[in-house]
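Bear in mind these aren't lab numbers, they're just calculated from the coordinates by the rules spelled out. Keep in mind it's a predicted model, so treat the numbers as computed, not measured. Here the Cβ positions follow ideal geometry from the backbone for every residue, glycine too, while neighbour counts run over all protein chains shown.
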């Protein structure tokens, strides 16, 4: 081969581009081709994602379950500190394995509904396995989206006899999932007011205390839009269940006033507990189980459901549509509705159990126990945080179920308050 | 023939890496940023450029605030890092590497954990503020957490090593004989610093600014852990748009706007500092 100038230029091509004279491919060309192919890829990717599914049909569920078999393994994604644990063992899961022969891989993979949904959404929309067969999500925007997008399996209730027999009436057929088509509750909880009696004189009963200028800079509110929206509406005497856009706007004004007056220290996620214990805040919106655990550990904190109202929410077990072991997941859903199992879970988790029969079991156990053990079991069996009274229950409201269009309006009102 | 394609083969791994993990996502994001819709009903490409103007109008405050925090944090890190780097480079002696290790030591602990531990240090009735309150040096209602001071402080603390290291490298390259020569020419210590050492170390400062200002401005961890309602940064907004609202177009438009603003800012800055020289020196 002769070394013509043309060849030299080509040799130089990538490293020392010097214009295009005679050279078949220059660095610029190479990069341009790369850029174009990337652009083509990008354009091809335009306008995909997301597909709303039709209303659930019983025949679809039967079709799904017809060819599914027990595999003997289960991958369970749950929230931190949300199951009984002794050292590194999970007694409830071990009992499950003993009773059913199903081995469980248990991960505390979920910290927060929105992040969790953000993580699994691309995989589910592509029909890929998310690595779990059973997961726990709170009723709210993300669970609503998962249902609307057809990401969840319709449950076969013929395999859930314990749920049918033992779940409390108020935990069945919730508004966010009629007939428990896709979900059954794991635990419930309340959002009320927690305060530190060291700094706050007298009993707090009203939600107005969160707007009290006396506590300027010492009030903690929650970051979640649904949580604060309900509290704003309670303050105004509006029932969130029946609220419309005008009500949200009024609540938004109240919450904005509270913020502008410097009363709100911060809009917290789970970190409000530390702030409350440390004294950075004196009074705040809080989740019942968190405060129950702090009190059980000896902290002097109080929790109340305000007279005007409080929130009740449910964390729900559900099966993603790409689950590899759905029959095993269904077995777990039913297993935890045995009263003894539910009681074990309730004793550790200290939120609200969906199995009312556990109260009698805990009481009976308290009668047999002695000393500190007896005291803590008695405290639990009589605690309105774990077994809310009918009076409290009447004051509690769920998050409002929103359509996609409403959701935009709703977030448009409340997010600017928490994220100014 | 092999020699001819060799250069292309050499660029292949790095080039592919860039294309797959930078160019493709960027193009994808650009495409998403002009789509309309929501996550349930799907997003459709409509070349809806209003996403950009909407984002700018709605979150103007957070954009400006982030730039302000980034700037304040960067200036603070320069003020803190320069003396440290100077001391290590010129007075560090045989222990230089130990001191550098000390500078890097915080990186062995997770970023989030370090920031969270600030909450304990700075608690209203915590180990720092309680004694000050007892002594009456600060009023009882005084607090640091959930203020601008806490957020800028957290940013400065977290990114300090990124400023120390490049300045150190630049100073380390300064030939001591040049400084000696300046003394031989009857320079004062001050002149010797401002006219010799400082200009020679500017490329390090420049590199440090790139490595701190850019991540500081888009940071969201410090604002969410140490900040209050009025300290929300643009990074927090982008996170909310992506993860909470699943409004990918709005998030993408915000990210692009942020990226463009920072690129322009950096180019202006590079121009002002005499561009080529500085960039070349920094790359040396």
Let me have the relative contact order for the range B:23-145, percent, based on Cα pairs under 8 Å that are six or more residues apart. 10 percent
So the angle from the long Cα axis of helix A:245-260 to the longest Cα principal axis of chain A, reported in degrees to the nearest 10, equals 90 degrees
Using only the Cα atoms of chain B, build the gyration tensor, take square roots of its eigenvalues as a ≥ b ≥ c, and label the shape rounded, prolate or oblate: rounded if a/c is under 1.5, else prolate if a/b is larger than b/c, else oblate. oblate
How shielded is B:109-119 by partner chains, expressed as the average number of their Cβ atoms within 10 Å of its Cβ atoms? 1
Using only alpha carbon pairs under 8 Å that are at least six residues apart, calculate the relative contact order of chain A and give it in whole percent. 23 percent
What is the calculated FRET efficiency for residue A:128 to residue A:158, with r their C-beta to C-beta distance and R₀ = 25 Å, to the nearest 0.05? 0.30
Using a 10 Å cut-off around each Cβ of peptide A:271-278, what is the average number of partner chain Cβ atoms that fall inside? 3
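Please label the shape of the range B:170-284 as rounded, prolate or oblate, based on the square roots a ≥ b ≥ c of the eigenvalues of the alpha-carbon gyration tensor (a/c under 1.5 means rounded; beyond that, a/b larger than b/c means prolate, else oblate). Each step should come with its number before you reach the end.
Values: a/c = 4.21, a/b = 2.66, b/c = 1.59.
Because a/c hits 1.5 or more and a/b exceeds b/c, the range B:170-284 counts as prolate.
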Taking the Cα centroid of the range B:213-232 and of the range A:85-111, what is the distance between the two, rounded to the nearest whole Å? 38 Å
Taking chain A, the equivalent ellipsoid from its C-alpha gyration tensor has semi-axes in Å, biggest first, of 47, 31, 22
Over the protein assembly as shown, the sum of -39500 (n - 2.57) across DSSP H runs of at least four, divided by residue number and rounded to 500 deg cm²/dmol, gives at 222 nm -16500 deg cm²/dmol
The range A:131-163 and the range B:23-51: distance between their alpha carbon centers, rounded to Å: 29 Å
Considering only the protein assembly as shown, what is the antiparallel percent among its DSSP beta bridges, to the nearest 5? 65 percent
For the protein assembly as shown the translational diffusion coefficient, Stokes-Einstein from a Kirkwood Rh over Cα pairs at 10 °C and viscosity 1.306 mPa s, in µm²/s, is roughly 54 µm²/s
As a footprinting exposure proxy, order B:217, A:175 by other Cβ within 10 Å, with the fewest listed first. A:175, B:217
Provide a whole-number value for the mean count of partner chain Cβ atoms within 10 Å of the Cβ atoms in peptide B:32-41. 6
Taking the Cβ-Cβ separation of residue A:394 and residue A:363 as r and a Förster radius of 25 Å, what is the calculated FRET efficiency to the nearest 0.05? 0.55
Treating the angle as unsigned and between 0 and 90°, give the value, to the nearest 10°, between the Cα long axis of helix A:91-100 and the longest Cα principal axis of chain A. 80 degrees
Which order results if B:264, A:207 are arranged by neighbouring Cβ count within 10 Å, fewest first? B:264, A:207
Quick one: order B:38, B:219 by neighbouring beta-carbon count within 10 Å, fewest to most. B:38, B:219
Estimated FRET transfer efficiency when R0 is 35 angstrom, pair residue B:90-residue B:121 (beta carbons, to 0.05): 0.65
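So for chain A: antiparallel DSSP bridges make up what percent, rounded to the nearest 5?
Working: 23 of 38 bridges.
Roughly 60 percent of the beta bridges in chain A run antiparallel, per DSSP.
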Which order do the peptides B:132-140, A:277-285 come out in when sorted by mean C-beta neighbours inside 10 angstrom, highest first? A:277-285, B:132-140
Helix A:326-335 versus the longest principal axis of chain A: what angle, 0 to 90°, nearest 10, using Cα atoms? 10 degrees
Between the range A:279-324 and the range B:125-161, how far is it from one alpha carbon centroid to the other, in angstrom? 29 Å
